[in-house]
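The values are calculated or read from the model by the stated rules, or taken from the named source; none is laboratory data. Remember, predicted model here, so these are calculated numbers, not experimental data. Because the Cβ atoms are built from the backbone with ideal geometry, glycine has one as well, and the counts that use them run over all protein chains shown. Calculation scope for accessible area: heavy atoms of the full protein, side chains included, ligands and nucleic acids excluded. Shrake-Rupley method; radii C 1.70, N 1.55, O 1.52, S 1.80 Å.
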Amino acid sequence: MKRNYPLLLLLCCFLLAHQKAKADNEVVFLETFAGCNGTGGTDETFGGTAGSGDLVYDNEGWTADKCGGGSQCIKYGTSSAIATLSTPHISLKEGTTAILTFKAAGWKKNDTDNTKNTLTVSSEGCTVSGDISLNNAKTDKQLVNGEWTTYTVTISDITGPITIKFSGKRGFLDDVKIVGEKGGEITVTVPEPTLTEEFTFWSNTIEPTKRIVTITPAESTSVRYTTDGTEPSLTEGTEIKAATSLFIWGTTTIKAIAIKSIYTSEVVTKTYTLGKPVNSLTEFCALAEDTQAQLFINTEQNARITAVNGKQFTVKDDAEATLLFDFGDVAFNPTPVVQQQIAGWIIGKKQTVEGSASFIATGLTTPAYMAFANPIKDATGVQTINAQQKATDDTYYTLSGQRVKSPKKGIYIVNSKKLIIH
């Protein structure tokens, strides 16, 4: 008997290739939602009140919005709210195609208005085609009310790890399966959240805009952050999904990560520092160049203006310390006058200008908290009276220039003279 060996060899090669193709196309991803313990779905109940159970997944990394657990399935959306449900990242070999299948059903309603039951399939990292837009219209892509139907989607143009996103109103979803050729290890880069740049503030800086930190998630990510020094993670820390502002009270270190599915960004760490006040002209003059600080001057230091040149004026105190103030474009009122005393607090930067220590205004400079006392003349004598006696014009000023209607024991300025009340 004559044997056709070439034909037999060709048949064996074909069978081997077929077996290899079958091996290459495996179940790459399967989600049954079997752990969901609500009502509606596999119990053949599809009412609008169903789906109050917990969301439980076979695979970590699902993200959901406006979804609930049905009976071993997912219930999604309402008549007015669109739900979204996204798979974890899935590895498929680039340049190949894969098949996605899933079961879905629309809500069962007593009336005939079923047009709001919808389901749309979209993707990242690939192209999807086929049953990707389902509704209750009488089309080939019909989402059937109160009845499970299996739908098929083709996945192509794979460029890396993919995600499949389901979105829609009033429906049930189950048994999401992808068959194809598995790719390599998944590497997902998650963009870091954005935090306000680090800054220093002071305890009595009361303007909220000057001590607020804003945390902003990148698109399609959420953020977890901590303020107690611990590391944020997928489950630890305060979660935010939109830009959030925090009011800082004391020195605070914020650590934040972005989250996308089961993947996280690098930790972003920034510290916002409560600064210590500088309590004299001498201390301010001794600061390192370009240091921003809060200068506090009390009335006992007798800091007074010795020269004025527009928005620049020179201040000298009883310790013979001298500081040039330059307010630049910062407005203040009233205009400083020679011999005025100043007291209070103000924030600015120390610089040396033409060999002189100077206070330079910055974006945090607020003159409202610095008091400028009315000019006074040097005392030519000291008068002592009892507290019951009155000055000739009933006008008393403290040494800091504050007017007093009912003076008590102390030293005051009356009629340009020092007055001691005992």
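Scanning the range 125-153 for residues that are surrounded by fewer than 16 Cβ atoms within 10 Å (Cβ to Cβ) and under 40 Å from the mean Cα position of the chain (by Cα) yields T127, S129, G130, S133, T152.
Only strands (runs of 3 or more DSSP E) whose full extent lies in the range 336-405 are considered here, and the ones with at least 2 residues that are at pLDDT 80 or above and under 16 Å from L295 (Cα atoms) are 342-353, 356-360, 370-372.
If you check E31, E26 for being crowded, with 19+ Cβ neighbours inside 10 Å, modelled with pLDDT of 90 or more and out of contact with any Gly (no Cβ under 7 Å at 6 or more places or on another chain), only one passes: E31.
Of all residues assigned to the range 102-116, none qualifies as being open to solvent by 10 Å² or more (accessible area, probe 1.4 Å), polar (S, T, N, Q) and part of a strand (DSSP E or B). When you scan the range 50-69, how many residues do you find that are part of a loop (DSSP other than H, G, I, E, B), out of contact with any Gly (no Cβ under 8 Å at 6 or more places or on another chain) and either at pLDDT 90 or above or farther than 25 Å from S91 by Cα (or both)? Here the count works out to 2. Scanning the range 295-325 for residues that are open to solvent by 40 Å² or more (accessible area, probe 1.4 Å) and among the small types (G, A, S) returns A307, G310, A319.
One residue stands out in the range 274-294 among those that are surrounded by 14 or more Cβ atoms within 10 Å (Cβ to Cβ) and of a type in the set (G, A, S): the one that is farthest from Y225 (Cα to Cα), namely S280.
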